[in-house]
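A quick write-up on the structure given underneath.
The values are calculated or read from the model by the stated rules, or taken from the named source; none is laboratory data. Everything quoted here is computed from the prediction, not taken from an experiment. Cβ sites come from the backbone with ideal geometry, for glycine too, and all protein chains shown count toward neighbours. The accessibility values were calculated without ligands, DNA or RNA, using every heavy atom of the protein model including side chains. Shrake-Rupley method; radii C 1.70, N 1.55, O 1.52, S 1.80 Å.
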Amino acid sequence: MALACFKLPEFLVERDYDKCINCRVCERQCGWEVHSYDEEVDKMFADTEKCVGCQRCAVMCPTGALVISPHPGRYREHGNWTQEHLRDAIRQSETGGVVLAGSGNDKDYPVYWDKLLLNASQVTNPSIDPLREPMELRTYLGAKPESIEVRDGKLVSQLPPQVQVETPILFSALSYGAISFQAQEALARAAAELGILYNTGEGGLHHDLYRYRGNTIVQVASGRFGVDPDYLNAARIVEIKIGQGAKPGIGGHLPGEKVVGEVSVTRMIPAGTDAISPAPQHDIYSIEDLSMLIYALKEATNYQKPVSVKIAAVHNVAAIATGMVRAGADIIALDGFRGGTGAAPKIIRDNVGIPIEFALAAVDTRLRQEGIRNRASIIAGGGFRNSADVIKAIALGADAVYIGTAALVAMGCTLCQKCYTGICNWGITTQNPYLAKRLNPEIATERLVNLVTGWSHEIKEMLGGLGVNSIESLRGNRLHLRGIGLTHGELETLGVRMVGQ
Amino acid sequence: MKTFTYAIIGNSVAAIGAIEAIRSVDRTGSIGLFSDEPHHVYSRPLITHYLAGEVSEEKMLYRPPDFYERYGVQAFLGAQVESVEFENRRLQTAGGESAFEKLLISVGGRPIVPKIAGGDLRGVFTMNTWDDAREMKSYLPAVRSAMVLGGGLTGLKTAEALVEAGVRVTVVELAERVLSMLLDRRSAEVVVKQFENQGTRILTGTTISEIRGGECVESASLSDGSTAECQMVVLAIGVTPRLDLVQDTPVRTNRGIFVDRRMETSVPGVFAAGDVAEAYDALLDQNRVLPVLPNAYAGGRVAGLNMAGGERTYDLGASVNSTTFFGYPVVSAGSSAIEEGAEIIEGDDENGYRRFIIQDDRLTGFVMTGEVNRAGIVLDLVRERIPLNGLKDRLLDGIGLIDLPEEIRHKKLRGGTCCHEKH
Amino acid sequence: MNERNNGRRAVRIDATGLYYRDLNQLVREAISGGARRIELEGVMGQRYIGTNVYECPDLGDVEIHIHGVPGNDLGAFLNGPRIVVYGSAQDGCGNTMNAGEIVVHGRAGDIAGFSARGGRILVRESAGYRVGIHMKEYGPHKPVLVIGGSTQDFLGEYMAGGVIIVLGLGIDGPHRAALVGTGMHGGAIYIRGEFDRDRVGKEVGIVDPDAADMAEVEEHVRAYTDNFGGSAEEIIAGPFSKLYPKHLRPYGRLYAY
Amino acid sequence: MACRLCEVGCKVEHSEHKHVIKSFKREKPVARLLVEESGPLSFATQCRHCDEPACMFGCITGAITKDPETGIVNLNAEKCIGCWTCILMCPYGSITRTNGARPTAAKCDMCPGREVPACVEACPNRALVLMEDEEPAVALEDAA
């Protein structure tokens, strides 16, 4: 055997043997087979090298005997060659492969949400107490007409299709296949309970989820998996997926191991084959082609449903977005570079795309300049962590936001970033029935509902502080924002003033 | 003269089963219970444990002391029923006459006493009642060694009790193996081993030909010509249903009192249950006398429900036995000793010996020793006649609900009636 | 406007000058109204013909005959009807179609049969670029694309299922398409006549079709000649090559886990 | 999901120390329910507190009784002599044996004195739920 490169374990498993009762719960709960019981010495052992730091064992241990922490062993510290660079280079020198990663960009890029501050009413205008007064978060997605005609108090103009959501927070695309059925069912149930929408991703729509059709966004992407007339018509919104923030410009491969059983049925491809979503949609090589597909989908759904087009936030996003609107998109979904993924080449996840804050501001500004902002709603996605991120996005011009990782966290995700392996100890990104059943959709639904409800309450509080009683009044109102620690160029692109001004 | 809605003759498990069943339906009808034994209802199988000193007087009680009161039972203890007029619905005790509307006969069995020379000496016992055990217990100080005639359940449990009481015991069994009704040759050997570990001799293929002594037992001779010193002889070659009350009456008897699936005798309104009855054996699909405690309770219960106006049939009857010898568990069920034309699966390891008898892909009986956990799931395979299909290979490893066919498993996981009586 | 044709209710629609939405709406209404044969006259560039009729009853029975030149995405998401074009089709013919049949008495443009999931497309002459990309199949759904002539580059890229048959009729010299079957991981492409084997994707294997393959080819060739004339026997005489995916998972080893 | 925390919870509840570490380290507690597993399928089984409990019918000592008020089938370990007839009678395999010199039968007692049985409380995935007034006092889902 050739000398193996020195691979430092990433995590350290520490067991307090005074507390360990050999109940073997950790062993049974670890899909990575870190823990094992040795009968001879009547002791549990851990294979630290296999640990991905998902914390499942530590959480499940009934005596709190386990601590999982970053491994204290370090390669020699080096300012340029970080531990991660070394680790990846070693992995690749062994396999010759592309390093994969799950979840979103975890690098230390600036988070502009944290450099934007909200206003509040003091003296000169009253703030509103949302506990006493109605506060409107309801949002309508879809193209709005240039003008409307009202006769005798009744709307006489025919509006393009509108989709009502009770709070401007939607679950972003998470396909069945990338996530377990249990996880997708929870998203669908929670969306139904919350009066919002979830997004099937490019994974088809499982038959058992057709009952949530009123809360479904279906995706049509380059692989066209599971796309048939029933699928299109089961949706409230049909979304053409051009790109994704975590991997702009590239396609996706759901590995054959994950295309099993119901996944294969739902994607409508044979079990065991790779589900390949090519990088481009090969019927879309231009804005004109995009328009052709948008209208093909409108035809196929008899002009009853808004068509959304989702792109990754990239450098010239504003120009692309105006083309999309002119091509007939009713909704523009922008996915920032911190958006999550089940699997992406790490090098792309961490280095391609731009922050959603800039993409959103640029697109909103450009659409206003061109006088076509009304022709499409904007949904922003990509790394939203709390309700402040959401409300700031709305002030920057978003109609609603997509949350993905936050939803996964609500369901139990601890961001171990191993989604692409198909092993998920939390039952979320796996098709292994033994692991998937750990996610009880009932519990996950409750937690998702709690999260969005909590955020919505906070948004109401913040709106009240701003002195407005409707999310509508905040949309695109960047005067409610101020930037801190930003350069003039950044402030200009974001269209916000500096703090103190 | 008192008239009881329900009269019950006998005061053991079948009677209790009936009383509890009647009271689950009828809270007011009067119940009269007549027993020749003077005791509050006690557990008959515990008498050997009592003899061994393991079980105290109060723990002998099968139901709490206030049982009769709580269940509204007028109990005539020590009141032997001398005769029953089935046409007139009357019964006579030494104390007088009572009338009844419905009657349950659950008088049990009595030990078979073989005619042996010296059988009337002091120190010769049978083992059937608490009083038998009490007498034996008081006689024990005079006993160093004892001979038990009969290698059936009573004989062996008595032998075990005597060993635990410090007596040297020899068991004599005429058949070629002990527990021949329950066990096959190999599992019987497992049992014998438990006794041999305690220094107890078990002699098969022989019997006691003569008991010797002056006033008391001093020795016993075997049919093989040998003689052994002993101060006690226990006769335990079996029990026979107590049929005195129904002799020459319209109540049909065979080996026991013949009852239908409702536990009713040939005389309407008169029921029988327990060791006296010849009731339905669901596994063999025929009536037979099966003196086993669970059957007595279940039979009494069915009788009680029907006496109280219900419609129940008795389907639980089966040869089932679970016991321990010196703490070593032995269970058997169904046709465990019968193996003609059957497929046998056997295993013998540190967990014990197991034997499964299979006919037409159905389990018809089994024996397990040592590790007996979850034996009830196996018994249910026998009772429900579940096709084994792939299960056959799993039998030796121990079957769980998870191994059962999906439909049956689901029924079990949802259900909770447990008892197999048909509703 | 209504007439009986072969015992089925036929409707004739003059498409001259009609906006595509209006034309398609008329078609939809006609089918919903019970028409089973729609004759479209004067078609000139109207898109999505056959797309919006998905929820009409008994679509398997419906025929749409197009006289003129239909526009892009003819029969996109088609789900049952049979469309016959007496002329050429433009780009996107049969895009993501689910079931039904499209018969083109002429050429087809780019991306014919793109991502088709079922049904059959018969093109009498040649077709453009990116034909049959990402066709797939599942269970009984198996799309078939028959091109009478040849195609441009990227034929059957990322093909995941179904059958493409390229007959090479009336072409001058060998097939010239490059990058045929790149990323192919399912289905089969049958090419009649000569082609440069270096121009197929590296994931593709090439063999002579066996008897079962040829039986399948023959079935569709007969459909071709039934529609367009010619001798099925002559065409079947070949020679055919079969292009097949070497792996179900062409990129299975691309990644470092 | 076969973590078997219900068994841990049950063992602790039915131990002397009632302390998860002490109970395990000082005693050999026995769980009164059992998680069965076969591939991805798993479920917990325990006493159904049957309407007509065969274990009670078979109990030779009178140690097993059914509480007419609560419907709970109780086993009085003091009375039990360990003949295992109840084990043979229970079609659910829901009675087990305690460890120790004089083992007795042990079964689910619905954790008297607790609002929610220990197993239900220990279950992190709501696979075990307490259902009031239903036929089976504790019903189990496959949580599949």
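Ordered from highest to lowest accessible area with the whole protein assembly present and a 1.4 Å probe, A:ASP335, D:ASP109 read as D:ASP109, A:ASP335.
Short version: what are the Cα gyration tensor semi-axes of the stretch B:327-414, square root of 5 times each eigenvalue, largest first, in whole Å? Could you put the intermediate results ahead of the total?
Numbers: eigenvalues 79, 52, 25 Å².
Equivalent-ellipsoid dimensions as semi-axes: 20, 16, 11 Å.
For the pair A:TYR109 and A:LYS154, a Förster radius of 51 Å applied to the C-beta separation gives a FRET efficiency near 0.50, rounded to the nearest 0.05.
Computed from phi, the 3J(HN,Hα) profile of the stretch B:20-27 under the Karplus parametrisation 6.51, -1.76, 1.60 (θ = phi - 60°) reads 5, 5, 4, 6, 6, 10, 10, 8 Hz, with x in place of Gly and Pro. The smallest convex shape that holds all Cα atoms of the stretch A:428-497, its convex hull, gives 162 Å³ per residue. Residues in chain C average 38 Å² of solvent-accessible surface per residue, probe 1.4 Å, ligands and nucleic acids excluded.
Mind checking Rg over Rh on the stretch D:48-107, alpha carbons, Kirkwood formula for Rh?
On the way: Rg = 10.7 Å, Rh = 11.4 Å.
Expressed as Rg/Rh, it is 0.94.
Largest first, the three principal axis extents of the alpha carbons in the stretch D:1-70 are 35, 34, 23 Å in whole numbers.
Of the residues A:LEU479, B:GLY108, A:GLN184, the one whose Cα sits farthest towards the positive end of the charge dipole of the protein assembly as shown is A:LEU479 (charges of +1 on Lys and Arg Cβ, -1 on Asp and Glu Cβ, taken about the Cα centre). Its relative contact order, with pairs defined as Cα atoms under 8 Å and 6+ residues apart, puts the stretch C:170-257 at 41 percent. To the nearest ten degrees, helix C:211-228 and the longest principal axis of the Cα atoms of chain C are 30 degrees apart. Averaging Cα coordinates gives a centre for the stretch A:99-165 and one for the stretch B:1-47; these two points are 78 Å apart. Of A:LYS50/A:LYS346; A:LYS305/A:LYS460; A:LYS298/A:LYS437, which ones are farther than 27 Å apart at the Cα? Result: A:LYS305/A:LYS460; A:LYS298/A:LYS437 exceed 27 Å.
The stretch A:355-436 gives an Rg/Rh value of 1.16, both radii derived from C-alpha positions and Rh following Kirkwood. Extending 7 Å from the Cα toward the beta-carbon at both A:ARG211 and B:THR206 defines two label points whose distance is 7.6 nm. Counting Lys +1, Arg +1, Asp -1, Glu -1, what net charge surrounds A:GLY464 among other residues with beta carbon under 13 Å of its beta carbon? Computed value for this residue: -3.
To the nearest 0.05, how large is the calculated FRET efficiency for A:GLU288 and A:ALA120 if R₀ is 41 Å and r is the Cβ-Cβ distance?
Details: r = 47 Å, r/R0 = 1.15.
Approximately 0.30, to the nearest 0.05.
Here the dipole of the stretch A:11-97 is about 300 debye; that uses its Cα centre as origin and unit charges on the Cβ of Lys and Arg (positive) and Asp and Glu (negative).
Show me you know the interface measure: the accessible area buried between C and A, both chains summed, probe 1.4 Å, in Å² to the nearest 100.
That pair of chains buries around 3900 Å² in total.
Using R0 = 25 Å, the C-beta based FRET efficiency linking B:GLU350 and A:SER36 works out to 0.60. Look at the dipole of the protein assembly as shown built from charges on Cβ: of A:LEU117, C:PRO140, B:LEU379, the Cα furthest out on the positive end belongs to A:LEU117. The residues of the stretch A:139-498 expose, per residue, 31 Å² of accessible area to a 1.4 Å probe.
Average 1/r across all pairs of distinct alpha carbons in the stretch B:93-197, invert it, and you get the Kirkwood radius: 16.2 Å.
Between the alpha-carbon centres of the stretch A:172-207 and the stretch B:229-259 there is a gap of 73 Å. In chain A, the DSSP-assigned H stretches of four residues or longer account for a calculated mean residue ellipticity at 222 nm of -8500 deg cm²/dmol, using -39500 (n - 2.57) per stretch and the full residue count as denominator. Take the accessible area of chain D alone and of chain B alone, subtract that of the pair, and you get about 3900 Å² summed over both chains, using a 1.4 Å probe. Checking a compactness column here: for the stretch C:72-245, what do you get for Rg(Cα) / (2.2 N^0.38 Å), N being the number of residues? Relative to the 2.2 N^0.38 Å estimate, the stretch C:72-245 comes out at 0.90. What residue among B:ALA308, B:ALA142, B:ALA159 has the largest mean-square fluctuation in a Gaussian network model of chain B, using Cα springs under 10 Å? Largest GNM mean-square fluctuation: B:ALA142. For chain B, excluding the exposed loop sites themselves (trypsin sites (Lys or Arg not before Pro), DSSP loop, at most 10 other Cβ atoms within 10 Å), the longest remaining stretch covers B:116-423.
Could you pull out the pairs from A:LYS115/A:LYS144; B:LYS59/D:LYS25; A:LYS247/A:LYS418; B:LYS392/D:LYS28; D:LYS11/D:LYS79 whose alpha carbons sit more than 27 Å apart here?
Distance filter (> 27 Å) returns A:LYS115/A:LYS144; B:LYS59/D:LYS25; B:LYS392/D:LYS28.
The magnitude of the dipole of the protein assembly as shown, with charges of +1 and -1 set on the Cβ of Lys/Arg and Asp/Glu and taken from the Cα centre, is near 2520 debye. Taking one equal scatterer on every alpha-carbon of chain B, how large is log10 of I(q)/I(0) by Debye at q = 0.11, 0.12 1/Å? Those come out to -0.91, -1.06, one per q. By the Cα gyration tensor, the stretch B:34-103 has an equivalent ellipsoid whose semi-axes, rounded to whole angstrom, run 29, 14, 9 from largest to smallest.
All C-alpha pair distances within the stretch A:11-97, sorted into 5 Å bins from zero, spread as 3, 13, 21, 20, 14, 10, 10, 7, 2, 0 percent across the bins.
Need one number for chain A: average projected area of the convex hull over its C-alpha atoms, nm².
On the way: hull surface 113.0 nm².
Approximately 28.3 nm², given one-decimal rounding.
Rounded to whole numbers, the Karplus 3J(HN,Hα) couplings from phi for the stretch A:385-402 are 10, 7, 5, 5, 4, 5, 5, 5, 4, 5, 5, 7, x, 7, 7, 7, 10, 9 Hz, using 6.51 cos²θ - 1.76 cosθ + 1.60 with θ = phi - 60°, and x at Gly and Pro. In order along the stretch C:177-183, the Karplus-derived 3J(HN,Hα) couplings, from 6.51 cos²θ - 1.76 cosθ + 1.60 at θ = phi - 60°, round to 4, 9, 6, 6, x, 4, x Hz, and Gly and Pro are given as x. Give me the summed buried accessible area for the A-D pair, 1.4 Å probe, to the nearest 100 Å². Summed over both sides, the interface buries about 1800 Å². Averaged per residue, the stretch B:113-237 has 43 square angstrom of accessible surface, using a 1.4 angstrom probe with ligands and nucleic acids left out.
Between the residues A:GLY454, B:ILE31, B:ALA142, the greatest Cα displacement towards the positive end of the dipole of the protein assembly as shown, with unit charges on the Cβ of Lys, Arg, Asp and Glu, is found for A:GLY454.
Hydrodynamic analysis of the stretch B:51-154 uses the Kirkwood radius over alpha carbon pairs. Inserted into Stokes-Einstein at 25 °C and 0.890 mPa s, it gives a translational diffusion coefficient of 139 µm²/s. Annotation for the stretch A:142-233: GluC sites (Glu not before Pro) lying in DSSP loop with at most 11 further Cβ atoms inside 10 Å of their Cβ are A:GLU146, A:GLU149. For chain B, modelled as a GNM whose springs connect Cα atoms under 10 angstrom apart, the maximal fluctuation among B:ASP184, B:ASP275, B:ASP285 occurs at B:ASP285. Each Cα pair of the stretch A:104-152 feeds into the Kirkwood radius, which the Stokes-Einstein equation turns, at 10 °C and 1.306 mPa s, into a diffusion coefficient of 95 µm²/s. Placing one identical point scatterer on every Cα of the stretch A:358-501 and ignoring solvent, what is log10 I(q)/I(0) from the Debye formula at q = 0.20 Å⁻¹? Reported log10 I(q)/I(0), two decimals: -1.15. Our summary gives the stretch B:113-237 a relative contact order of 37 percent, counting only alpha carbon pairs under 8 angstrom and 6 or more residues apart. Once the convex hull of all Cα atoms in the protein assembly as shown is built, its volume per residue stands at 277 Å³. Apolar share of the accessible surface for the protein assembly as shown: 49 percent from carbon plus sulfur atoms, 1.4 Å probe.
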